[in-house]
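Student: Okay, handing you the structure first.
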Amino acid sequence: MNFSESFLTALDSLQSNKLRSALTMLGVIIGVAAVIALLSIGNGVTASITDEIESIGTNLITVSTDRENSGGYNALSLSDLEVLGDPLSSNAIEDVAAASSGAQNVVYGSESLNLTVSGVTESFFPINNMTDLLAGDLIYEPDVETGARVAVIGSTVASDLFGAEFPIGESIKVNGVSYEVVGVLTESGQGFGGNPDETVYIPLTTAQQRLYPDRTRSGERAVSTIYVQAASEDLAEQATEDITAILREQHGITYNDEDDFTIISQTDLLATFDVISTTLTLFLGAVAGISLLVGGIGIMNIMLVSVTERTREIGIRKAIGALRRDILTQFLLESVVLSLVGGFAGIILGWIISVVAGGYLDVTSIIDASTVTLAVGFAAGVGLIFGIYPAWRASSLRPIEALRYE
Amino acid sequence: MSHLMELSNITKSYEMGTQIVHALRGVNLTIDEGEYVSIMGPSGSGKSTLMNIIGCLDIPTDGIYKLDGIDLSHMSDDEQARIRNQRIGFVFQQFNLLPRTTALKQVSLPLMYAGLSRKEREERAAAALTRVGLGDRLDHKPDELSGGQQQRVAIARALVVEPNIILADEPTGALDTKTGEELMDIFNELNEQGITIIMITHEAEVAEHARRQIMIRDGVIVEDSRSTLENIPDMELVPA
């Protein structure tokens, strides 16, 4: 008996017991759907976050204090910023900006919110791709130089504090001091280093005077973060090396002492995130894989029942000349067909789930060929592995005993 | 001339729990091509065991069984399956048809295991069904057929491989007398066409259709009409 005959025989017997075949498949359907849905949503999340990081630009480098090595002081200051921004110090550095941030009480009229308030230099906005405004202006060099009491607010802050009112020209109070709102940023939704939509930006000098008076060890006014834009992506590594060298010299760190600052480039961030998301996706896949395993055990269970129930049929087939191999192939194919059909149904279901769930999570799910191949391969494998034992049992029944079976 | 079947000193024992049951205690029997033999005996006499051994469904504990001069006593499962498939047609008391399967498919099944093409299988299966008078019932499933019709499907399934032996185990046991008689006519006809028929029964009237009656009791043959009627016992007993 050839393979296609065995295949048709298997289909025949699955068809003659439709409800049971469908229920058996359900385990595999759910397993495969779970694998597909979880992996594709995982891929979608990874892709959208990677996208966001890349949209900020992989040539952005942030420098912050490493408190373990700075003796508890804030290590960075405006003079550091000045030296880093000097075109003569490094040709790999395009632009620099600084920021000092903290949580503050922000009041407008009767509304009072606890928000992040960042003091920034004027170049903070272009370096972070945040120059798009809903209304008004950004913070410019004169504001920083004079320590003006002006504020640029994120879109969420605008709607939370002002509702339908037009915020430009209005006055808000931060820590009891009034600031004039001069600009409202467009919604950005970026999630790194705080959400800009929920932040109030004021000139750095103003913030240093009124909100964040920390000083460095040498008594200069401190900044919490310095942003450096490398001249190009290729020069990002060079820029990182230059920053290290410049700051070590600035801070007077001798050659065998540790840096009192930390440098994070977007490339580092991407790499770190990649590791996290790969781990997470694998973990989700493993969880889904377990449900597939349970589905496989379901198949084995039903196939064993089926072998017992069809003992007489097996006896008849053997009596009229079926070889062990014929019976083995028939039962093995039955379980493989069950799991493959279930696998394909699972792909469709998983795809629907991932699209629907992706819609809720605001993530475009990504179903790639490798996910589908993995799921189908796994399903077929499950059918084969869990089908072997029942099929072997069926094939080794002795015909006379099988015929006598009632 | 060699015999079609030659059983020498066949024994068969089973273990049932702690007890050993001796179903056959040394059976000597020869059957020639074209014979029509009935095997009778009370239940527990070993007639079904004998039938299983003759039909290659089981192997003897001891002794030699030759079919066409070939020793089958130590064959593997699959070798036995091949012999059953090509040489022997089975007709069982309980019909033993596959549920939910059309007559045409039932009958073409042995040919599928023999490796024939679908077209050839269906042609031969249809011919076999026509031969037993069911040419107009090809697409009927067992539950749509009467007992007699089901048994005729089983006969067609036995015939379709063109075996030279048909083994029937109580073929009329589950049928009424009239249907049983009709069935016996088919067996008579097949025997006239040269097919060797060996039939197990406990009904004397059914056994009378056969030209040779064998009686078995407690695992040994106690009576064989050929040796008494033809009166040539010596030739049977003296080894060649």
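Student: So B:Leu50 clears everything in (1) open to solvent by less than 20 Å² (accessible area, probe 1.4 Å); (2) closer than 30 Å to A:Leu14 by Cβ; (3) within 13 Å of chain A (Cβ to nearest Cβ); (4) touching a Leu at 6+ places or on another chain (Cβ under 7 Å) except one condition, right? Which one?
Tutor: Every condition holds for B:Leu50 apart from (2).
Student: Checking B:Glu162 against (1) within 11 Å of chain A (Cβ to nearest Cβ); (2) open to solvent by 60 Å² or more (accessible area, probe 1.4 Å), only one condition comes out false. Which one?
Tutor: (1)
Student: Pick out the one residue from A:Ala231, A:Ala245 that is within 34 Å of the chain's Cα centre (by Cα) and in contact (Cβ under 8 Å) with a residue 60 or more places away in the chain.
Tutor: Testing whether each residue is within 34 Å of the chain's Cα centre (by Cα) and in contact (Cβ under 8 Å) with a residue 60 or more places away in the chain leaves just A:Ala231.
Student: Here's something else I'd like to know. Identify all residues within region A:346-357 that are surrounded by 19 or more Cβ atoms within 10 Å (Cβ to Cβ) and within 18 Å of the chain's Cα centre (by Cα); write none if there are none.
Tutor: A:Ser354
Student: Here is a further query. Can you find a residue in region A:384-395 that is of a type in the set (Val, Ile, Thr), part of a helix (DSSP H, G or I), open to solvent by less than 30 Å² (accessible area, probe 1.4 Å) and assigned by TED's automatic domain parsing to the domain that holds A:Gly289?
Tutor: The answer is no, given that none of the residues of region A:384-395 is of a type in the set (Val, Ile, Thr), part of a helix (DSSP H, G or I), open to solvent by less than 30 Å² (accessible area, probe 1.4 Å) and assigned by TED's automatic domain parsing to the domain that holds A:Gly289.
Student: Out of region A:350-379, which residues are hydrophobic (A, V, I, L, M, F, W, C), without any contact (Cβ under 8 Å) to a residue 60 or more places away in the chain and within 19 Å of A:Leu282 (Cα to Cα)?
Tutor: A:Ala369
Student: Which ones in region A:254-283 are surrounded by fewer than 18 Cβ atoms within 10 Å (Cβ to Cβ) and over 21 Å from A:Ile61 (Cα atoms)?
Tutor: A:Thr254, A:Tyr255, A:Asn256, A:Asp257, A:Ser277, A:Thr278, A:Thr279, A:Leu280, A:Leu282, A:Phe283
Student: Being in contact with an Asp or Glu (Cβ under 7 Å, 6 or more places away or on another chain), part of a helix (DSSP H, G or I) and at pLDDT below 85: is that true of A:Ser55 here?
Tutor: Working: in contact with an Asp or Glu (Cβ under 7 Å, 6 or more places away or on another chain): no; part of a helix (DSSP H, G or I): yes; at pLDDT below 85: yes.
Judged against the criteria, A:Ser55 is not a match.
Student: Something else about it: With within 30 Å of the chain's Cα centre (by Cα) and open to solvent by 60 Å² or more (accessible area, probe 1.4 Å) as the only criterion, which of A:Asn91, A:Asn105, A:Asn114 stands out?
Tutor: A:Asn114
Student: Follow-up. Could you list all residues from region A:165-209 that are under 34 Å from the mean Cα position of the chain (by Cα), assigned to a loop (DSSP other than H, G, I, E, B) and not hydroxyl-bearing (Ser, Thr, Tyr)?
Tutor: Scanning region A:165-209 gives A:Glu187, A:Gly189, A:Gln190, A:Gly191, A:Phe192, A:Gly193, A:Gly194, A:Asn195.
Student: Counting only residues that are part of a strand (DSSP E or B) and among the polar types (S, T, N, Q), which one in region A:215-262 is farthest from A:Glu68 (Cα to Cα)?
Tutor: For region A:215-262, the residue satisfying everything is A:Gln229.
Student: Let me ask another. When residues of region B:69-87 are filtered for being among the small types (Gly, Ala, Ser) and facing another protein chain (nearest Cβ under 7 Å), how many remain? Reasoning before the result, please.
Tutor: Step one: filter region B:69-87 for residues among the small types (Gly, Ala, Ser), giving B:69, B:73, B:76, B:81.
Of the ones still in play, those that are also facing another protein chain (nearest Cβ under 7 Å) are B:81.
The total comes to 1.
Student: Among A:Leu328, A:Leu361, A:Leu292, which is the only one that is closer than 21 Å to A:Thr24 by Cα and more than 14 Å from chain B (Cβ to nearest Cβ)? Full working, then the answer.
Tutor: Numbers: A:Leu328 fails: more than 14 Å from chain B (Cβ to nearest Cβ); A:Leu361 fails: closer than 21 Å to A:Thr24 by Cα.
Going through A:Leu328, A:Leu361, A:Leu292 in turn, the sole match is A:Leu292.
Student: Quick check on region A:358-383: of everything there that is open to solvent by less than 30 Å² (accessible area, probe 1.4 Å) and within 22 Å of the chain's Cα centre (by Cα), which residue is farthest from A:Ile320 (Cα to Cα)?
Tutor: Taking the candidates together, the pick is A:Val363.
Student: From (1) open to solvent by 80 Å² or more (accessible area, probe 1.4 Å); (2) within 14 Å of chain B (Cβ to nearest Cβ); (3) modelled with pLDDT under 90, pick out the condition that doesn't hold for A:Ser306.
Tutor: (1)
Student: Taking interchain pairs and intrachain pairs at least six residues apart, which have beta carbon atoms under 6 angstrom, with the first residue in region B:48-75 and touching a residue at least 24 places away in the same chain (Cβ under 8 Å) and the second of a type in the set (Gly, Ala, Ser)?
Tutor: From region B:48-75, the pairs are B:Thr49/B:Ala23; B:Pro60/B:Ser73; B:Thr61/B:Ser13; B:Gly63/B:Ser8; B:Ile64/B:Ser8; B:Ile64/B:Ser73; B:Tyr65/B:Ser73; B:Gly69/B:Ser2.
Student: State the number of residues belonging to region A:55-87 that are among the polar types (S, T, N, Q) and surrounded by fewer than 16 Cβ atoms within 10 Å (Cβ to Cβ). Outline the logic, then answer.
Tutor: Filtering region A:55-87 for residues among the polar types (S, T, N, Q) gives A:55, A:58-59, A:62, A:64-65, A:69-70, A:74, A:77, A:79.
Remaining after also requiring surrounded by fewer than 16 Cβ atoms within 10 Å (Cβ to Cβ): A:55, A:69, A:79.
Residues flagged as among the polar types (S, T, N, Q) and surrounded by fewer than 16 Cβ atoms within 10 Å (Cβ to Cβ) within region A:55-87 amount to 3.
Student: Taking the criterion of being modelled with pLDDT of 85 or more, under 23 Å from A:Met130 (Cα atoms) and assigned by TED's automatic domain parsing to the domain that holds A:Gly85, would at least one residue in region A:241-249 satisfy it?
Tutor: no
Student: If I go through region B:53-68 residue by residue, how many of them are within 12 Å of chain A (Cβ to nearest Cβ) and among the acidic types (Asp, Glu)? First the steps, then the outcome.
Tutor: Filtering region B:53-68 for residues within 12 Å of chain A (Cβ to nearest Cβ) gives B:53, B:55-59.
Right, trim to among the acidic types (Asp, Glu) and you get B:58.
Result for region B:53-68: 1.
Student: Pull out all pairs, ordered by first then second residue, where Cβ-Cβ is under 7 Å, the residues are six or more apart or on different chains, the first lies in region A:1-29 and is within 11 Å of chain B (Cβ to nearest Cβ), and the second is outside any helix (DSSP H, G or I).
Tutor: Pairs that qualify, where the first residue is within 11 Å of chain B (Cβ to nearest Cβ) and the partner is outside any helix (DSSP H, G or I), are A:Met1/B:Gly115; A:Ser16/B:Arg100.
Student: Got a sec? Which helices (runs of 4 or more DSSP H) wholly within region B:1-120 have at least 2 residues that are at pLDDT 90 or above and among the charged types (D, E, K, R)?
Tutor: B:77-87
The values are calculated or read from the model by the stated rules, or taken from the named source; none is laboratory data. It should be emphasised that the depicted structure is a prediction, and the values quoted were computed from it without experimental measurement. Note that each Cβ is placed from the backbone with ideal geometry, even for glycine, and that neighbours are counted across all protein chains shown. For the accessible areas, the whole protein counts, side chains as well, though only heavy atoms, and no ligand, DNA or RNA atoms are used. Shrake-Rupley method; radii C 1.70, N 1.55, O 1.52, S 1.80 Å.
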